[in-house]
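See structure below.
The values are calculated or read from the model by the stated rules, or taken from the named source; none is laboratory data. A quick note: this is a predicted structure, and the numbers were derived from the prediction, not measured. Note that we place each Cβ from the backbone using ideal geometry, even for glycine, and neighbour counts take in every protein chain shown. We work out accessible area using only protein heavy atoms, side chains counted, and drop any ligands, DNA or RNA first. Shrake-Rupley method; radii C 1.70, N 1.55, O 1.52, S 1.80 Å.
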Amino acid sequence: MTPTYDKIHNRFKLNGLHYNFEDLKEVAYSLIKEGEAYEKNTGNFLIDWLNNEDHLYVNTSGSTGKPKSIKIQKQAMVNSAIATGDFFGLIPGDRALDCLPSHYIAGKMMLVRAMILGLELDFVEPTTHPLFNYDKKYDFCAMIPLQLKNIINQTKNIETIIVGGSKVTKPLLERIRLSGSKFYETYGMTETVTHVAVRRLPSQIVEAEQYFYALPNVEFSQDDRDCLVIHADRLHDEPIVTNDIVELNDATSFQLLGRYDNVVNSGGVKLFPEQIEEKLQVVIDNRFIVAGEEDEALGEKLILIVESPRDSIESIEKRVKQLKGLTKFELPKKIYTIDRFVETVNGKIQRDKTVSAVID
């Protein structure tokens with residue numbers, strides 16, 4: 001029998017204490033009344049979850065457009081939690097750590113997974129450097145890359161960590177390789193109720209995976225732009241058409257190439273900024289992006305934008321030109337600097353606005 005949103009698993013614990021459906025309402029009111037700002041957000045979510053409505057509204061991050069509020073069915077969130085539990089083999093009584101803010105879908109889903117799957121959830125302040133009992137053993141945790149970067153030396157007692165929200169950089173990947181935990185990069189969005197696919201990252205105990213693999217009851221196809229189409233009727237009534245260009249391996253796995261709206265068409269050659277950025281990481285220490293700028297001869301020319309560089313544009317240009325693995329088309333035609341990237345409220349770079357800021 002499929003669990004439903006109006007039931008709380010009898011093995012569920014929050015910060016060491018058992019709570020049933022009615023108990024959680026009292027907890028929610030207490031958090032709203034007496035809690036810190038992050039606890040108030042959790043209290044507000046619990047109130048929304050425990051009311052008589054079959055849906056709630058969730059804010060998108062705004063990384064690929066204007067932030068907006070979208071309606072999500074609570075049963076879809078339950079189905080997402082079950083899919084994650086099945087994929088990672090989570091069972092009642094497993095311990096999970098929640099260090100994500102509850103006003104976004106990723107943080108909400110950590111709570112839903114615990115309530116539905118019967119996990120023992122420790123909820124801590126969602127800072128960029130989460131503080132928790134580093135000696136306690138956990139079965140599951142979700143983090144953004146910045147959090148993982150800051151505490152990766154304290155993750156040896158967490159069995160499985162999923163990482164999402166932004167790209168996992170090469171320096172972080174090198175640190176993950178030395179860890180004894182299992183790490184998975186996630187693919188998803190608010191509309192898909194967090195991740196619908198994951199890709200294993202290399203560590204001391206597992207090999208890396210080239211493809212993202214679908215969670216249970218999810219399949220993929222492509223549209224005429226080669227963009228990913230997600231078929232997940234337990235999460236969303238209609239197929240979700242993305243702007244992510246992929247190489248489809250089969251109906252349940254794909255390799256991510258880049259975003260359709262980021263592609264630079266330079267003299268008829270399609271360039272994927274995300275792939276070029278991955279190559280450039282070894283020679284640029286600061287945050288940077290690759291993008292296109294209008295060009296009379298090429299249509300678009302490839303540009304590089306570096307945030308608060310420590311050295312000169314000439315020095316960066318020299319290192320880039322010496323980098324092996326870049327084709328002549330992938331060499332930026334111009335390098336810009338900016339004091340600070342234009343970001344969303346949760347720290348994601350807004351590419352279009354950043355490009356406009358440096359070339360206008």
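For this structure, a couple of remarks:
- Relative contact order of the chain: 10 percent, from C-alpha pairs under 8 Å at least 6 residues apart in sequence.
- Each Lys or Arg adds one and each Asp or Glu takes one away; over the other residues whose Cβ falls under 11 Å from the Cβ of residue 301, this sums to -3.
- Surface composition of the stretch 3-106: carbon and sulfur atoms hold 49% of the protein heavy-atom accessible area at a 1.4 Å probe.
- Distant-in-sequence amide H partners of residue 197 (H built 1.01 Å from N, under 5 Å): 187, 215
- 10 Å Cβ shell holding at most 10 others, DSSP loop, trypsin sites (Lys or Arg not before Pro): longest site-free stretch of the chain: 138-309
- Accessible area per residue for the stretch 1-130 is 47 Å², calculated with a 1.4 Å probe on protein heavy atoms, without ligands, DNA or RNA.
- To the nearest ten degrees, helix 37-50 and the longest principal axis of the Cα atoms of the chain are 60 degrees apart.
- For the stretch 180-202 versus the stretch 259-285, the spacing of their alpha-carbon centroids is 23 Å.
- Radius, Kirkwood style, for the stretch 17-111 when every pair of distinct Cα atoms is counted (Å): 14.6
- Counting only DSSP H runs of at least 4 residues, each contributing -39500 (n - 2.57), and dividing by the residue count of the chain, the helix-based mean residue ellipticity at 222 nm comes to -8000 deg cm²/dmol.
- Share of alpha-carbon pairs per 5 Å distance bin for the stretch 88-160, given as whole %: 3, 17, 30, 26, 17, 6, 0
- Derived scalar couplings ³J(HN,Hα) [the stretch 251-266; Karplus, 6.51 cos²θ - 1.76 cosθ + 1.60; whole Hz; x for Gly, Pro]: 5, 10, 8, 7, 10, 7, 9, x, 8, 4, 7, 9, 4, 9, 9, 10
- The angle between the Cα long axis of helix 74-88 and the longest principal axis of the Cα atoms of the chain comes to about 80 degrees, rounded to the nearest 10.
- Selection of GluC sites (Glu not before Pro), the stretch 267-300, meeting DSSP coil and at most 14 other Cβ within 10 Å: 296
- Cα pair count fraction exceeding 18 Å, expressed as % - the stretch 66-112: 36
- Apportionment of accessible area to carbon and sulfur, the stretch 252-313, percent (1.4 Å): 45
- Lys/Arg +1, Asp/Glu -1 at C-beta; the chain dipole; positive extreme among 332, 14, 254: 332
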